[in-house]
Structure formats: C-alpha cells, structure tokens
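The values are calculated or read from the model by the stated rules, or taken from the named source; none is laboratory data. Values in this document were obtained by computation on a predicted structure and should not be read as measured data. Here Cβ is always computed from backbone atoms with ideal geometry, including for glycine, and neighbour counts include all displayed protein chains. With ligands, DNA and RNA removed, areas are computed over all heavy atoms of the protein, side chains included. Shrake-Rupley method; radii C 1.70, N 1.55, O 1.52, S 1.80 Å.
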Amino acid sequence: MSQKNETTILALALLLTVGIVGGGFWWFSNNGVKIGNNIIPNQELGNNSSLQDRISFGEKSFTPGDISPVKKEGIQAIAAKTYDKAIANFTAALKLNRNDPETLIFLNNARIGSSKSYTIVASVPFGTDPNTSLEILRGIAQAQNQVNSSGGVKGVPLRVGIASDDDNPEIAKQIASGLVSNSEVLGVVGPNTSDSTLAAGTIYTSGQLVAISPTSTSVKISNFSHYVFRTVPSDFMAARTLANYMVRTLQKKNAVVFFNSQSNYSQSLKSEFVSSVSLEGGQVASEFDLSRADFSAAKSIEQATKQGAEVLMLAANTETLDKALQVVQINQKRLTLLGGDDVYTAKTLEIGREQAVGMVLAVPWHIDSDPKSDFPQKSRQLWGADVSWRSALSYDATVALIAALERNPTRDGVQLALLSSDFSATGASGTIRFLASGDRNAPVQLVKIVPGSRSRTGYDFEPVLQPVIKN
C-alpha cells in the first residue's frame with residue numbers, strides 16, 4: 001500500500017471516530033484519546049490493550065455479553081456525533097433494560113452533545129468484576145442524571161467517562177496518567193480496590209487531580225494524599241465495630257480470622273480486627289490465609305475448634321470469597337460468623353443459605369438503615385430494584401464532586417473545597433464531610449443474614465441495632 005493511501009485511510013478513520021467531550025472535540029487516534037485540545041497518550045496497557053480500548057464516553061460499551069441492537073445503534077450514533085439519534089436510541093435501550101447505568105450515562109452524555117460541560121471519569125473493573133462495576137456506575141449515573149435534570153452544575157451539565165481498569169494496580173496507574181494529562185478531567189470516582197487506589201493515587205497526587213474512591217477501605221489510604229478521598233469508612237471502623245459487637249454483645253472473646261495475604265484490603269481488615277479484639281479484652285487464636293495453595297477449610301475449622309474458638313471472622317476479599325463460603329458450609333453454624341463488606345453480596349446468600357443465617361457483617365450502608373433518607377425510594381424508581389452499598393457510596397462520591405465543582409470548577413478548586421472545614425453535601429448515606437486524612441467521618445452499619453424474600457434467594461440482610469461508633 002502506498003504512503004498516500006495509508007494517510008488517506010488514517011484520516012478517514014479519524015473522521016469516523018470523532019466525538020465530543022468536555023465542551024471540545026475528542027477522538028481516538030494512533031496518538032491517543034483527545035479531549036478538548038489535550039491528548040491522553042495511547043500507551044499499551046495490560047492484557048495487550050491500549051488506553052483507547054479502556055475509556056468510553058459513549059462510543060463503546062464495556063458491559064459484558066450481548067447488548068441490545070438499539071443500544072449498539074446509540075453507540076454508533078454518539079461516535080458519529082448524531083446526538084438526536086443517539087438520544088432516541090439510548091432512551092429506547094433504557095426502556096428495554098432500565099437497570100443499565102452505562103446506558104443512562106451515555107444518554108446524558110448524548111444530551112450534552114457538543115455543549116460546554118464539566119467532565120469526571122469513573123475508574124471501574126469492568127473486565128474482571130462487571131457486577132461491581134455496574135453497582136458503582138448506578139450511583140454515578142443516578143447523581144449525573146439528577147444534577148443534569150435540574151439544570152447542571154450552576155447551568156453547566158456533567159459529563160461522565162468510564163475507564164475500565166480491571167482492578168489491576170498497574171493498569172489503574174496508567175489510566176490515571178492518561179486522565180491527569182488532560183485538563184478537561186476535573187475529578188475521578190474510583191478506583192474500586194484499595195490496591196488500585198493506592199497505586200493510582202500516587203499518579204493522581206503528582207498530577208493534582210482529585211480521586212474519590214467509594215469502595216477502598218484499607219487503613220493505608222488514611223493520610224495517604226490530599227488528593228485521594230473516600231466515601232466509604234475505613235477498615236479501622238469496620239473492625240472496631242465487629243470487635244465491639246463480638247465481645248460486648250455476643251459475650252465471646254476467642255476468634256480466628258480467615259483472610260487473603262495477597263490483598264491490601266483483606267490484610268488491613270484482618271490486622272485491624274486482631275488489634276480491636278485485643279483492645280476489647282479478647283484474643284484471635286489463629287489466622288488462616290485463604291490464598292495459600294494448601295488451604296483446607298475442613299482442617300482450618302478443626303484447628304479453630306481445638307483452640308477453643310467461638311467466632312469465625314471472614315476478612316475475605318472478592319477473589320477468596322468462594323473459599324470463605326466453603327468455611328461457612330463446613331462450619332455448619334457451630335461457631336458464630338462475622339465478616340467484612342466483601343462478604344456482603346448476593347453470592348453469600350445464594351451459596352451460604354441456611355448455613356449463613358445469623359452471620360453478622362460490617363457494611364458501609366444498608367438500604368433500610370436510614371428511614372429518613374429519600375435515596376432508597378428514588379433509586380428504586382430509577383432502577384426498578386434495590387441498590388447496593390457500592391451504588392450508595394459511589395452516588396455520594398459523585399455528589400461530593402458536584403458540590404465541589406459548584407464552589408470552583410477547577411482541579412485546584414475541587415481539592416480545596418473537599419478539604420475545607422465547612423464543606424458538606426447530602427448523600428445517600430447522610431451528610432458527606434471529609435476529615436483531613438481524606439476519610440469520611442461516618443459510622444459503620446452491622447447487618448445480619450436472616451430468612452427473607454427480598455433478595456429472591458430465600459435469605460436477606462437486615463440491619464442490626466448497635467451503638468454508634470465514630471472516629
């Protein structure tokens with residue numbers, strides 16, 4: 001092929017993929033993603049992908065499996081800048097599947113078209129954990145839809161990009177580098193895991209771009225950076241609440257802990273629980289590493305019983321949840337079960353079933369925990385179903401960024417607003433305020449697994465009344 005033909009084909013390819021973001025033109029080229037007048041370098045990322053494969057404002061879907069033809073048409077329309085068609089297509093797609101937050105985000109982006117907007121990006125693990133990604137995006141989409149429906153941020157609509165980081169710290173860092181290099185991006189919601197947040201946080205800090213994680217709980221994030229915040233309580237709060245409940249309410253003092261030594265979150269929750277139990281006058285007799293190749297649930301239960309354990313604490317993360325649920329099954333309700341928020345999933349109800357009844361978990365939020373909040377009702381109206389704590393806390397992260405943008409829609413302005421002593425916003429889980437450490441000053445909710453019908457598994461999580469413990 002001649003050099004002239006190659007140049008012509010490249011030019012046509014660029015024209016076909018042109019679109020709009022942040023009030024200026026953006027496209028994917030061989031050089032990278034362009035937003036406004038800035039280009040995010042198109043470096044190679046993990047799994048033989050590039051940055052252009054991992055960021056979308058509507059021109060590609062990350063939702064796994066087949067998507068509806070009408071949603072595909074909307075994606076093609078937004079890429080071609082035919083926004084009226086994109087709006088019609090995405091509206092029709094939502095009628096087919098109202099519970100799809102990606103489509104709602106794309107619809108709101110299409111409504112903005114080429115108009116001026118403020119841009120934020122969600123960093124979520126679509127490639128490795130699509131369910132968690134969709135939970136997080138429901139909160140972000142609800143907040144975007146709410147602010148744009150009411151006139152935007154002082155008249156300027158909010159545009160949301162989606163970055164797929166696979167919960168991979170290296171990929172999260174490279175995505176962060178790309179977002180930092182583009183001045184149109186004014187804030188980030190995410191990443192999801194503590195490992196990715198700590199890794200990417202170094203880049204967000206050096207680039208002076210605020211990131212608010214709705215789901216990263218490791219104590220290492222406290223005081224990590226003046227640019228890294230979170231709307232979820234830290235593992236210190238979860239561990240302290242569980243230890244208090246174990247010793248004071250259950251009147252039990254001997255526990256064993258199951259954790260994943262390869263996970264920052266799991267290590268953090270385990271360590272904080274061990275310390276908190278000791279401070280309460282109890283002890284942790286043994287620690288079992290779920291990530292070991294020779295891990296045996298049966299042998300671990302046998303050892304725990306011989307050591308006089310009364311409580312099994314499951315500090316498992318998503319990757320080791322299956323092994324933790326083996327422990328639940330083999331335990332046969334002999335020892336009392338406690339757990340962290342990664343155990344708070346429908347999978348625990350589906351697999352644990354009767355053997356999990358009575359398990360108490362420390363979680364950031366439960367849909368029935370605050371009868372005064374109107375968020376549960378509004379979210380049910382929007383999605384046609386109950387939402388998870390990840391949706392609530394990502395809603396709060398987005399609301400916090402919106403409130404900061406209202407004060408000063410610049411990167412520096414957002415960061416200064418969030419750190420201000422008089423900053424506050426109303427979120428799904430109450431008032432949003434941040435400590436100087438970047439942590440949110442909020443309590444942890446305990447929930448118990450009980451027989452029930454709401455989850456359609458035959459079992460549900462219900463709130464447990466307990467004394468409020470604050471930082």
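Structure summary
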item: P(r) tail fraction, the stretch 354-471 - alpha-carbon pairs more than 20 Å apart, %; result: 50 percent
item: For the chain, convex hull volume per residue from C-alpha positions, Å³; result: 143 Å³
item: Distance (nanometres) between label positions extended 7 Å along Cα→Cβ at K299 and V357; result: 3.3 nm
item: Whole-number percent relative contact order across the stretch 119-223, with pairs defined as alpha carbons under 8 Å at least 6 apart; result: 31 percent
item: Degrees, to the nearest 10: 169-180 long Cα axis against longest axis of the chain; result: 40 degrees
item: Which listed pairs, of K253/K299; K95/K154; K220/K323, have C-alpha distances above 28 Å, in listed order; result: K95/K154
item: Candidates per trypsin sites (Lys or Arg not before Pro) in the stretch 132-176, loop by DSSP, up to 10 other Cβ within 10 Å; result: K154
item: The chain - percent of accessible surface contributed by carbon and sulfur, probe 1.4 Å; result: 49 percent
item: Distance between modelled label sites at N441 and L465, nm, 7 Å Cα→Cβ extension; result: 2.7 nm
item: Restricting the stretch 362-450 to chymotrypsin sites (Phe, Trp or Tyr not before Pro) in coil, as DSSP defines it, with at most 16 other Cβ within 10 Å; result: F423
item: Calculated FRET value between A385 and D412, using beta carbons and R₀ = 60 Å, to 0.05; result: 0.95
item: Reduced Cα scattering model of the stretch 188-251, Debye log10 I(q)/I(0), q = 0.18, 0.23, 0.25 Å⁻¹; result: -0.60, -0.83, -0.94
item: Per residue accessible area in Å² of the chain, where ligands, DNA and RNA are left out and the probe is 1.4 Å; result: 40 Å²
item: Lys, Arg +1 and Asp, Glu -1 on Cβ, resulting dipole of the stretch 109-173 about Cα centre, debye, nearest 20; result: 600 debye
item: Label point distance in nm, K333-K378, each placed 7 Å from Cα along Cα→Cβ; result: 4.0 nm
item: For the stretch 351-356, 3J(HN,Hα) per residue [Karplus equation, 6.51 cos²θ - 1.76 cosθ + 1.60, θ = phi - 60°, Hz, x = Gly/Pro]; result: 8, x, 6, 4, 5, 9
item: Cβ-derived FRET efficiency at R0 41 Å, S420 paired with L250, nearest 0.05; result: 0.50
